[in-house]
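Notes follow the structure.
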Amino acid sequence: MALLARGELRSILQTQLPNVLDSRWDTQATDQVEAHGEGQTVLLDFDAVVKAEAIVEVAHFVRDTFGYDFLSNITAVDYLKQGLIELVYQFYNAAEGGPDLRVRVRIGRSPEECIVPSLTPTWPGADLQEREAYDMYGVVFPGHPNLARIYMWDEFKGFPMRKDFPKTGDKYTHVTGE
Amino acid sequence: MLKTEELQINIGPQHPSTHGVFRMLVTVDGETLVDLKPVFGYLHRNHEQLGEVNTYLQNMPFTDRLDYFNSMVNNHAYARTIETLAGVEVPERAQYIRVIMDELSRILNHATAMGFMLGDMGAWQTALLWGMREREKILDMFEYVSGARMMCNYCRFGGVVRDIDDWFITELKKLMQGLPHYFDDFEGLLLNSEILLARARNIGVLPKELALAYSVTGPVLRGSGVAYDIRKAEPYAVYDRFKFKVPVGTVGDVYDRFLVRIAEMRESYKILEQALEQLPDATGGFINPKVKQQSLKAPAGEAYARVESPKGELGFYVVSDGSGSAYRYKVRAPSFINLSALADMCKGYTIADVVVILGSIDIVMGEVDR
Amino acid sequence: MTLSHLATEDVFVVERNDADFRAGQGMTKGLGIVFRKFRKALFGKPNSDRADTEGQFNVQYPEERLAMPEAYRNMPILLYDDATGHELCTSCFQCERICPPQVIHITQAKDPATGKPVPAAAKFVLEYDTCMSCGYCAEVCPFDAIKMDHDFELSTANHPELDVDYNRLLRPVSYYETIAPTMWSDVKEQAMKKLQNNIKRRPGDIGRDHGQKIKGGAPVAAAATPAAGAAPAAAAKPRGPVAAIGKNMPEDKTAKLLAIRAANAAKRGGGAADAAPVAQAAPVVEAVADAPAAVSAAPTGPVAAIGQNMSEDKRAKLEAIRAAKRAERGE
Amino acid sequence: MADALTQLGFASWLSVLIASIIKVTLILVGGSVGMMFLTWYERRSISYMQDRRGPNRVGPQGLLQPISEAIKTMTKEDATPRDADKIVHFLAPVVMLGATVLSFAVIPWGRMFPVDLNAAVLFVIATGGLHSIGMMMAGWGSNNKFALLGGMRGVAQLISYEIPQVMAIIPVVLMTGSMSLQKIVEAQNDFAGLGWYVFSPVGLLGFALFFTASLAEGERTPFDIPEADSEIIAGYMTEYSGMKFAVFYLSNYMSNLAVCFITATLYLGGGNGPGVDALGGIAGGLLSLIYFLLKSFALFFVMVLIRATVPRLRVDQLMSFAWKFLLPLVLVNILSASFWVALLRWDQQWPKLTEWFGAPSTADATNWGRLAIAIVLTLLINAGAVALIMRLTNRNVQKHLYTTDEELALGLS
């Protein structure tokens, strides 16, 4: 039930759960951040980037072996330039306290790729956060009890928080019976 | 057996005791509740999109509108996130001032939150108005120091807008003389009153494992027996220099959360005393002068900082792309995630209890709908 | 659950004392406390000191009023010097840029003779209804020209009246000195020094022609430039020409700005439809001949949005004006 | 009143008619002014309890506030839901107000009795029972889920609290030997006007139980379930607005007033007090009226105090409180009342008993020896019963305290 240092999880996963890590980001071991010009986001790797379908397995592994049983936060981030949507899961160790453990999942932005298995069966607290990610970013969570829009009305088309959602020209005000 | 038909009732969005526009679709068999579906979105202002459009400083007054009971705590959490993101260090005195404001905010939040819950129970707002009186005194001091009672906009990156002066400290000391009388009156009024015990004990039970699984935080989690308090688990802003206790419940029902909140007010009182003693003098400065507030640029990367707000863990997750405003700005709102446990807590109880259980979770819709 | 990061004496379990024998004594204790409060409130002295928790504590508002703390901020006001009647504002647009809800609209004054810009504002409109009184304009103003007022009784029936223009924004410095003495004394000599050298660069009566009253009480002669009061009746919501980023900068500066932006775009690889997260949209300036022709593209394209965080309806009205202008110029 | 008019030369039937018209107007005016004063009195006292000032703008110290409210409710739009049962919806407030005003016919004002019915107590209980009909009509008539829930809850509460209320009156009737309020007031007049029943152990327990039960009849906290606004908005009054709502409000407060008057009459010797007999005549009547009003408004103050402090009971707790707590105590109280009567008044009331046992040694009313025995005996019985019931209720609360696992799984406790 020890606390993990920053970035230590990746090496543990490589040894204990081999095919869990997302190969696309295996090479870039560093989590250094080079200074960039304006408008240049960077993909960070610390703590671990795992395959979408392995997230449930990693979550259970993290909880059972290291005691990170408190899933505090699920954030969806839309990296438009890299064509990715990243889901950041932050786990805390309720017994030991201390900083969080960030497990990342990176999926494509098109409807077919944008699927991540839901954690709600074991962490019911993730229910509303996954519904918010679905409503705002269009990430589909198979296994979620009632995946429906949480803020927008159900007939709303589009995902408002995506970077390519038009900020101007409100197509809802002058909709003419289309 | 007499065939009873289930009745579906809408509690909210416009209902006297839903603490804002929040709707619960309740299916009831007779008086006992069978299923509860929360419905959100009535107060959704897309706060997170605003965060991406505004520059970092422009976004600070909008964080007042999240949990409008504790704008000081929201500012503190947001300022801490951007400070970790941009690597700004905060002078000692400013950290002490922020701790004093957070603890004052915790006292006024618990005083009014329990007042509202007791109002839902039917105690006709006596406890609420005593709580409001203490809140008024604290809000006057917030107004003196930040300029506004509820929308304080007090923190800046690397410190606070204005230093606290002698008037504030003498008034705070006078307030500290009055608070224990208020705590005793409040406990004497209702703590052992038989009807409150009948209405609060074993109602809305959330066992320990379920509390962790629902990732609830704050008094709701501590009421269920898990002593997880961010000020102790991951101390921030000089909290590691104060000696205070973490109150914890046993059964995890409405009564335990009620007791935990009262005990937390007393702990905040202790923290305020110690903070006042150890407050460094003004030479340390109340803000880091090297920070250019309006045109603050953070290097590309991400940061998550969290604060123990009176309602639970309030965190801001900000991804920056090197420019002056956030690329992704997410608020981890405690009321929003505590609500996910509401359905499970209410099953099997009656409508009268649903309202009390919702009151015991203490939500604010500004934070839930963002 | 024993948490290892917490020393045992740091955690205390709230005692529920469920085993106590309950026969109504808790309720009677509560009744006793409420009766004591009743007696104190009825006969005791009103609660004025922050320490006591008994007695009447509310104030009969219209008759008795609580004193406002100095730092109290409600709506912004503009200051002008009592002696000379000159406004402190030099329309440097700092407040317009920082304002989170973008409610400040300034038009810089021009020297009628040479047409060059003058450090004074011709028109200054502030939408009191959208202003969230966050106090940023007062904080960033380098000339201490805009300060936060203490007057909060501003409710009014007709909505357009809330677009407060010059003559209702101006307050003499003496007024601000009464409501916030210490805050003004800190910045007083610095502000006055800046005002003096600004006055030198203001020809004629510019900067004091908005109906300010100098000490003698006589309003300064409403000089050539029409006082803001005579502004066209703001039938439609948009007051004067809404300031595009480059709109009211002098022509040469806009040209320079466009050149820089073009260079950046080239450097960033031809500016594909990269709705860069914070799109520093190229301003559409009618005057500049080679304005990008894609101005009539569908609104969702990289059309020059005036300030990213305009609200929807304001943007719609803006589009309407621009379309009308283009139609009028026969484009 | 009526015979005084016949001497003036009116025909006998005419004088009775005029007399009763005068009485009716007096009662209605007195009742509604009393109700208005009550609302002002409640809002002022509850606001002082909460460290704030109640209504003090309209009229001197806010005394005209109820009148301004009456005008306000009259000018408000009186909406009836579209597919509500119009007639029932309209008649509900009428029935409620009618029931309340009926009970004012027998309630004395100090020593002045509008109508001296020899079965006045029975009459009062009967009118008390009509409330539930009005409540059910309102609940059902307004075709609204919340109103229906509120109506059903209200009826359940009223019926289950009427039994303890009625049974609590029996000891008073036993002690005075008659059901007429006039005789009850006279029986409490010895000991220089201070021989109130509340000072006898039987009367004390009877007073406590009657007062608690009448809190439920008048829907006062902690029993204001029917219009529990925090849960089911305004209970049966949800779909009412304008005048009909005002009539409900009027009937609600007038029934509180009536309950306070009855409690003062039955247990606190309405109108009796030191010096009332000494003055006699009109002045005595006035003094008794003052005493009577003082007693009732003191009682109402206790109601307001309870309202400001105590939260509301849930419906099932309310029911179990009535059946498991009040009822047994009331029955025990009747038992001890019978001992009281047997010891003190058996020679006057039941001549047959004197035949069997012979008259008691000294027949005077205030034989101190027998009075002391009676007081001690009834005190023992009542105190023992209260302690026993308290222990029982505490024990079954304990049992319920720690919910067992399977109860937790069911979510019931």
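The values are calculated or read from the model by the stated rules, or taken from the named source; none is laboratory data. Not measured: the values here are computed from a predicted model. Glycine also receives a Cβ, built like all others from the backbone with ideal geometry; neighbour counts cover every protein chain displayed.
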### Message
Can you report the number of residues in the range C:98-134 which are without any contact (Cβ under 8 Å) to a residue 24 or more places away in the chain and of a type in the set (D, E, K, R)?
### Response
1
### Summary
Within the range C:49-87, residues polar (S, T, N, Q) and under 22 Å from B:PRO61 (Cα atoms) come out as C:ASN74
### Query
Are any of the residues in the range D:11-19 within 26 Å of the chain's Cα centre (by Cα), outside the structural domain of D:CYS260 (by TED's automatic domain parsing) and modelled with pLDDT of 85 or more?
no
### Query
Which of the residues belonging to the range B:320-353 are part of a strand (DSSP E or B) and surrounded by fewer than 22 Cβ atoms within 10 Å (Cβ to Cβ)?
B:THR350
## Note on the structure
The correct count of residues that are more than 10 Å from every other protein chain (Cβ to nearest Cβ) and closer than 19 Å to B:LEU221 by Cβ in the range B:343-370 is 8
### Task
Identify all residues within the range C:1-30 that are more than 7 Å from chain B (Cβ to nearest Cβ) and among the β-branched types (Val, Ile, Thr); write none if there are none.
C:THR2, C:THR8, C:THR28
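Which of the residues spanning the range A:11-30 are modelled with pLDDT under 75 and more than 18 Å from the chain's Cα centre (by Cα)?
A:THR27, A:GLN28, A:ALA29, A:THR30
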### Task
Specify which of the listed residues (B:MET150, B:MET141, B:MET132) is more than 10 Å from chain C (Cβ to nearest Cβ) and under 21 Å from the mean Cα position of the chain (by Cα).
B:MET150
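Just a yes or no: is a residue in the range B:6-24 of a type in the set (Phe, Trp, Tyr), more than 21 Å from the chain's Cα centre (by Cα) and either more than 19 Å from B:PHE286 (Cβ to Cβ) or assigned to a loop (DSSP other than H, G, I, E, B) (or both)?
Taking every residue of the range B:6-24 in turn, none turns out to be of a type in the set (Phe, Trp, Tyr), more than 21 Å from the chain's Cα centre (by Cα) and either more than 19 Å from B:PHE286 (Cβ to Cβ) or assigned to a loop (DSSP other than H, G, I, E, B) (or both).
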### Query
With A:SER72, A:SER118 as the choices, which residue is outside any strand (DSSP E or B) and in contact (Cβ under 8 Å) with a residue 12 or more places away in the chain?
A:SER118
### Message
more than 9 Å from chain C (Cβ to nearest Cβ), more than 17 Å from the chain's Cα centre (by Cα) and crowded, with 20+ Cβ neighbours inside 10 Å: is that true of B:ALA233 in this structure?
### Response
no
### Task
Return yes or no: is A:ILE107 in contact with a helix residue (DSSP H, G or I) (Cβ under 6 Å, 6 or more places away or on another chain), more than 9 Å from chain B (Cβ to nearest Cβ), surrounded by fewer than 22 Cβ atoms within 10 Å (Cβ to Cβ) and not small (Gly, Ala, Ser)?
yes
### Query
Looking only at the range C:31-53, which residues are modelled with pLDDT under 85 and more than 8 Å from chain B (Cβ to nearest Cβ)?
C:GLY44, C:LYS45, C:PRO46, C:SER48
### Message
Can you confirm whether B:THR170 is within 30 Å of B:THR32 (Cα to Cα) and either without any contact (Cβ under 8 Å) to a residue 12 or more places away in the chain or within 8 Å of chain C (Cβ to nearest Cβ) (or both)?
### Response
no
### Summary
Over the range A:87-103, the set of residues more than 9 Å from every other protein chain (Cβ to nearest Cβ) and without any contact (Cβ under 8 Å) to a residue 60 or more places away in the chain is A:LEU87, A:TYR89, A:PHE91
### Message
Against the definition (within 10 Å of chain C (Cβ to nearest Cβ) and out of contact with any Gly (no Cβ under 7 Å at 6 or more places or on another chain)), how does B:VAL251 come out, yes or no?
### Response
yes
### Task
Being within 8 Å of chain B (Cβ to nearest Cβ) and in contact with a Cys (Cβ under 7 Å, 6 or more places away or on another chain) is the filter; apply it to the range C:122-141 and report the residue that is surrounded by the most Cβ atoms within 10 Å (Cβ to Cβ).
C:TYR136
## Note on the structure
Note: among B:THR32, B:THR27, just one is within 30 Å of D:ALA156 (Cβ to Cβ) and touching an Asp or Glu at 6+ places or on another chain (Cβ under 7 Å), namely B:THR27
### Message
Quick check on this structure: which one of B:ARG266, B:ARG199 is charged (D, E, K, R), within 11 Å of another protein chain (Cβ to nearest Cβ), touching a strand residue (DSSP E or B) at 6+ places or on another chain (Cβ under 9 Å) and in contact (Cβ under 8 Å) with a residue 60 or more places away in the chain?
### Response
B:ARG266
### Task
Might you let me know whether the range A:126-140 holds any residue that is surrounded by 14 or more Cβ atoms within 10 Å (Cβ to Cβ), over 19 Å from B:LEU43 (Cα atoms) and at the interface with chain B (Cβ under 9 Å from one of its Cβ atoms)?
yes
### Task
With the checklist (1) surrounded by fewer than 21 Cβ atoms within 10 Å (Cβ to Cβ); (2) within 12 Å of another protein chain (Cβ to nearest Cβ); (3) of a type in the set (A, V, I, L, M, F, W, C) in hand, flag the one item B:LEU279 doesn't pass.
(2)
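Is it true that B:VAL53 is among the hydrophobic types (A, V, I, L, M, F, W, C), without any contact (Cβ under 8 Å) to a residue 60 or more places away in the chain and closer than 21 Å to B:ASP369 by Cα?
no
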